[in-house]
Amino acid sequence: GGKIGLFGGAGVGKTVLIQEMIYRVANNHDGVSVFAGVGERTREGNDLIDEMSESGVIDKTALVFGQMDEPPGTRLRVALAGLTMAEYFRDVQKQDVLFFIDNIFRFTQAGSEVSTLLGRMPSAVGYQ
């Protein structure tokens, strides 16, 4: 396993690259992809589902979303739910897994908001 960060401004094609990687993992490696959309816009989630359906890889893709208008606790749990799904496919189903979190900043932001709501210093529990 490995990790990689994909950074870029709005509209430069990050989602297109993610879609291409999901397609290749499904078709070339018979693997499964898990996508955790943290703080996504509803339109972005719908577009991703439509694209996965049109390309024929929706049955090899698990998607979980916590939208922008959700409470911070929900947005925080989306990435963890996605990780649990990825671990299931890896450990129980013995499949190759490609795991995406979009947007990791919104994940840390949600953690910071939860810490603030609980009256803790965000940096004291790992959120900065």
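Here are a few things to note about the model shown:
- One residue stands out among those in the range 35-87 that are in contact with a Phe, Trp or Tyr (Cβ under 8 Å, 6 or more places away or on another chain) and of a type in the set (Val, Ile, Thr): the one that is farthest from Phe100 (Cα to Cα), which is Val57.
- Looking only at residues of the range 58-93 that are without any contact (Cβ under 8 Å) to a residue 24 or more places away in the chain and among the hydrophobic types (A, V, I, L, M, F, W, C), we find that the one that is nearest to Gln19 (Cα to Cα) is Ile58.
- Looking only at the range 27-39, and only at residues there that are touching a strand residue (DSSP E or B) at 6+ places or on another chain (Cβ under 7 Å) and of a type outside the set (Val, Ile, Thr), the one that is surrounded by the most Cβ atoms within 10 Å (Cβ to Cβ): Ala36
- Residue ID - farthest from Arg24 (Cα to Cα), chosen from residues in the range 94-119 that are surrounded by fewer than 13 Cβ atoms within 10 Å (Cβ to Cβ) and without any contact (Cβ under 8 Å) to a residue 24 or more places away in the chain: Gly119
- Number of the exception - Ser53 against (1) among the polar types (S, T, N, Q); (2) farther than 22 Å from Gly1 by Cα; (3) touching a residue at least 40 places away in the same chain (Cβ under 8 Å): (3)
- Helices (runs of 4 or more DSSP H) completely within the range 36-128 that count 3 or more residues being under 21 Å from Thr15 (Cα atoms) and at pLDDT 90 or above: 42-54, 72-91
- Qualifying residue in the range 1-12 (condition: among the aromatic types (Phe, Trp, Tyr) and surrounded by fewer than 14 Cβ atoms within 10 Å (Cβ to Cβ)): yes
- Selection from the range 1-32 of residues that are within 12 Å of Asp102 (Cβ to Cβ) and either assigned to a strand (DSSP E or B) or touching a Gly at 6+ places or on another chain (Cβ under 8 Å) (or both): Lys14
The values are calculated or read from the model by the stated rules, or taken from the named source; none is laboratory data. It should be emphasised that the depicted structure is a prediction, and the values quoted were computed from it without experimental measurement. Here the Cβ is made from the backbone with ideal geometry for all residues, glycine too, and neighbour counts use every protein chain on show.
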